[in-house]
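A.B. asks: Okay, here's the structure, questions in a sec.
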Amino acid sequence: MLARTGLRGALLLAMAGTIGCDRLTKHLATGTLAGTAGRSFLGGAIQLDYAENPGAFLGLGASWPPATRLIVFATATALGLWLIAALARRLRGRPALVGLGLIAGGSVSNLADRLVSGRVIDFLYVGIGPLHTGIFNVADVAILAGGILVVAFGRHAGHPASMPPA
């Protein structure tokens, strides 16, 4: 029981940490980058540039009516959180549960932006030569990292005997 509580704690800590870091960085980006020219580092490989994205990943749904966007994205987030709760009951390894916490935290933080302003604050861009990202935020990084952890360490769901110690 104590071990299971510790695993749930890892999920909740990852979720709370992600929300806190994302909210703080968005606050800083709004205060220092909004209305200014972007900042470039490492020869342009990393750029900080304030943007408000009304859509989802790479602007998906940006042209939809605001009410439709809110309903679709809030519903998708709610379903995702329900799925995370269901998976958290099955997964036994700390890395996979931390991954679920990162996904949940990033999703909740981006949803908070949508609920407050109808847009998600983005401010990071990475590009090296022909390879580049769209503009993103800390919540997006957490969602991606969490997905990688779940895929890499979640394959032993429901089989605690086959997993290495957490």
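A.B. asks: Would a scan of segment 22-29 turn up a residue that is under 19 Å from F136 (Cα atoms), assigned to a helix (DSSP H, G or I), hydroxyl-bearing (S, T, Y) and free of Cβ contacts under 8 Å to residues at least 12 places away in the same chain?
C.D. replies: No, that holds for no residue.
A.B. asks: Which one of these does G44 not meet: (1) part of a helix (DSSP H, G or I); (2) modelled with pLDDT under 90?
C.D. replies: (1)
A.B. asks: Could you tell me whether D22 is among the acidic types (D, E), surrounded by 13 or more Cβ atoms within 10 Å (Cβ to Cβ), under 18 Å from the mean Cα position of the chain (by Cα) and farther than 16 Å from G118 by Cβ?
C.D. replies: Yes: the conditions hold for D22.
A.B. asks: Further, regarding this structure: If A85 satisfies all but one of (1) touching a residue at least 60 places away in the same chain (Cβ under 8 Å); (2) surrounded by fewer than 23 Cβ atoms within 10 Å (Cβ to Cβ), what's the number of the condition it fails?
C.D. replies: (1)
A.B. asks: Give me a count of the residues in segment 141-166 that are modelled with pLDDT under 95 and either of a type in the set (S, T, Y) or closer than 15 Å to K26 by Cα (or both).
C.D. replies: The number of residues fulfilling the criteria is 1.
A.B. asks: Against the definition (of a type in the set (A, V, I, L, M) and either at pLDDT 95 or above or within 24 Å of R114 (Cβ to Cβ) (or both)), how does A10 come out, yes or no?
C.D. replies: no
A.B. asks: Given the options G105, G31, G99, name the one that is small (G, A, S) and surrounded by fewer than 16 Cβ atoms within 10 Å (Cβ to Cβ).
C.D. replies: Exactly one of G105, G31, G99 is small (G, A, S) and surrounded by fewer than 16 Cβ atoms within 10 Å (Cβ to Cβ), namely G31.
A.B. asks: For segment 49-59, enumerate the residues that are surrounded by 15 or more Cβ atoms within 10 Å (Cβ to Cβ), under 15 Å from the mean Cα position of the chain (by Cα) and not in a loop (DSSP other than H, G, I, E, B).
C.D. replies: Result: N53, single match.
A.B. asks: Would you pick out the residues in segment 78-106 that are among the small types (G, A, S), at pLDDT 90 or above and either part of a loop (DSSP other than H, G, I, E, B) or under 23 Å from L48 (Cβ atoms) (or both)?
C.D. replies: Scanning segment 78-106 gives G105, G106.
A.B. asks: Which residues, counting only those in segment 60-80, are surrounded by 13 or more Cβ atoms within 10 Å (Cβ to Cβ) and under 19 Å from G106 (Cα atoms)?
C.D. replies: Scanning segment 60-80 gives L60, G61, R69, L70, V72, F73, A74, A76, T77, G80.
The values are calculated or read from the model by the stated rules, or taken from the named source; none is laboratory data. In this text the structure is predicted, and so the values were computed from the model without any measurement. Glycine gets a Cβ as well: all are built from the backbone with ideal geometry, and neighbour counts include every protein chain shown.
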